[in-house]
Amino acid sequence: MNVQRTHSADAATVEEALAADNHQGVVDSEGATALAMQNTLLTPRFYTTDFDEMDAIDVTPVRADWDKLIAQMKSDPNKGHFKKNEDWDSVDWENMEPRLKAEFIDFLVSSCTAEFSGCVLYKEMKRRGNNEDIVTLFQLMARDEARHAGFINDALREAGIAVNLGFLTQKKKYTYFRPKFIYYATYLSEKIGYARYITIYRHLEKHPEHRFHPIFKWFREWCNDEFSHGEAFALLMKTDPKLTSGGNVLWIKFFLTAVYSTMYVRDHQRPAFHEALGVDPDWYGQEVFRKTSAISEQIFPITLDIDHPRWMKGLKRLQKANADLAAAKQRGSLLGRIGPSARAAMAFVSLFTIPAKKHAVPDTTRMEPAY
Amino acid sequence: MGLFTRETETAPCQVEVSHKFDSLHAHMKFLNGAVIHPGDEVLVHGAPIMAPYGEVVIEDRMATITRASKLEQLWTRMTGDFEFMELCEFSFSEEVSV
């Protein structure tokens, strides 16, 4: 008997997938994850915000730029990009140095979690918003983040790591983001994401011998998505000058300091990963901060003075305090946490109080990826 | 909503889990228009919903919403913002330290 079999993986819509022959109806499939696979449970946060405030955004002042950006995102130039082709060389996971393997998997899992969290946040905004412009933007961004997460997930599967999405049936608490903090935080996370990916991509272009996994070849188009998401948030902030002036400048400084210093500390937790890439984490950090600062001048009236003598010193102190704190936690020593926590707080204050560089913000916000 | 007391309610919801190459996502929406506020907790009933690789699974379930007390809601509003770092690819996980 010759029966046409359909598979949900080939389906174009959810309905098709559910109707596909391989789908056993609405079941929670215990066999979903192969037993041999190591399970990593994704635990994104869930968010609420002031949806009325978000709905009140009026993009009229930036309408021309806005419509162009949304049209570009709708045309989805990277749609065909996230496919594995002949450039996806096979990876020798078995013989990868264990320390490198652990750090690289940690890198992939946290990347996947970040994309996934972005997707959850954007989808929630899309679902509860009523402002057509805003809802459209969040829908498009959720699409990109889910696509990136799927791509990383596939790389993880090759390594024998199954991402578990079972978190939905665990008790979860909804946290709260003020809309303006969503703009600052997501703007920065998208732009610094761009700077991180493109810096690695360009480095590996020059030093292909350090490209130990094919996923790095996909970083350029990937980070162009991040770049356009950042552009959208820059335009959103441009609609209301109050968001980037007065007391809010201090908030911007806080977010810049927190994001840069977290990145520094976190990257130093992956020495084998950076060594394999042939990248000095200190150089990489400064390079990424420099790019992110240059880009963020499009909307933020200040940038951090990363060449200030206290900058690198403060980062190193923060990193040391953090490593000591982690060690104390591992020992289960509550008392031992006090010292490192205080040192970390002092290092952060020292970084935060470095005078910022002020500059004039251009009238037109839009930029194109240039690195 | 009480200042200290938490109330619970149940609501029907729809869960969508996509485990496909071109989209990894998981979303939940309430079918009765229930609205979540800061600090509320949501528990979807039943076994974990696991979509096999390459598939999208949509299920209707019941969920318990535990409403935050007034105080908890206030606290979440004041402190929630500081969890933003998770959106960054270099956010902290508990596994690695130096």
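We did not get these values from a lab; they are worked out from the coordinates using the rules stated. Computed from a predicted model, the values in this text were never measured in an experiment. A quick note on method: Cβ atoms are made from the backbone with ideal geometry, for glycine too, and the neighbour counts reach across all protein chains shown.
Over the whole of A:174-187, what's the average partner chain Cβ count within 10 Å per residue? Rounded to a whole number, please.
5
Between region A:125-183 and region A:295-371, how many Å separate their Cα centres?
Going from one Cα centre to the other spans 26 Å.
Out of residues 5 or more away from B:Val56 or on other chains, whose amide H comes under 5 Å of its own, with H placed 1.01 Å from N in the peptide plane?
Close amide H contacts, sequence-distant or interchain: B:His19.
Mind scanning A:Lys74/A:Lys123; A:Lys123/A:Lys206; A:Lys126/A:Lys217; A:Lys191/A:Lys357 and naming the pairs with a C-alpha gap bigger than 27 Å?
Among A:Lys74/A:Lys123; A:Lys123/A:Lys206; A:Lys126/A:Lys217; A:Lys191/A:Lys357, the Cα-Cα distance tops 27 Å for A:Lys123/A:Lys206; A:Lys126/A:Lys217.
Using Cα centres only, tell me the gap between region A:94-115 and region B:22-72 in whole Å.
29 Å
Dipole magnitude of region B:7-83 about its Cα centre, charges +1 at Lys/Arg Cβ and -1 at Asp/Glu Cβ only, in debye to the nearest 20?
100 debye
For A:Trp222, A:Trp251, what's the fewest-to-most ordering of other Cβ within 10 Å of each Cβ?
A:Trp251, A:Trp222
For A:Glu221 and A:Thr364, what is the calculated FRET efficiency with R₀ set at 25 Å and r taken between the beta-carbons, to the nearest 0.05?
E between A:Glu221 and A:Thr364, to the nearest 0.05, is 0.50.
Starting at the first residue of region A:67-79, write each ³J(HN,Hα) from the Karplus equation 6.51 cos²θ - 1.76 cosθ + 1.60 with θ = phi - 60°, in whole Hz, x for Gly and Pro.
4, 5, 5, 4, 4, 5, 5, 5, 5, 6, x, 9, 3
Per the helix-only calculation at 222 nm, which mean residue ellipticity applies to chain A, given -39500 (n - 2.57) for every DSSP H run of n ≥ 4 and division by its residues, nearest 500 deg cm²/dmol?
About -19000 deg cm²/dmol.
Count, for each residue of B:72-82, the Cβ atoms from other chains sitting within 10 Å of its Cβ, then give me the mean as a whole number.
Taking the mean over all residues of the peptide, I get 4.
Expressed as cubic angstrom per residue, what is the convex hull volume of the alpha carbon set of the protein assembly as shown?
In the protein assembly as shown, the Cα hull volume divided by residue count equals 170 Å³.
What's the average, rounded to a whole number, of partner chain beta-carbon atoms within 10 Å of each residue's beta-carbon in B:9-18?
Rounded to a whole number, the mean comes out at 2.
Could you tell me the largest-minus-smallest coordinate of the C-alpha atoms of region A:239-371 on each of the three principal axes, in descending order and whole angstroms?
53, 37, 27
Provide, as a two-decimal number, the C-alpha radius of gyration of region A:36-179 over 2.2 N^0.38 Å, N being how many residues it has.
For region A:36-179, the normalised Cα radius of gyration comes out at 1.26.
Per the Kirkwood formula on distinct C-alpha pairs, the Rh of region B:7-83 is how many angstrom?
Taking every pair of different Cα atoms in region B:7-83, averaging 1/r and inverting gives 14.0 Å.
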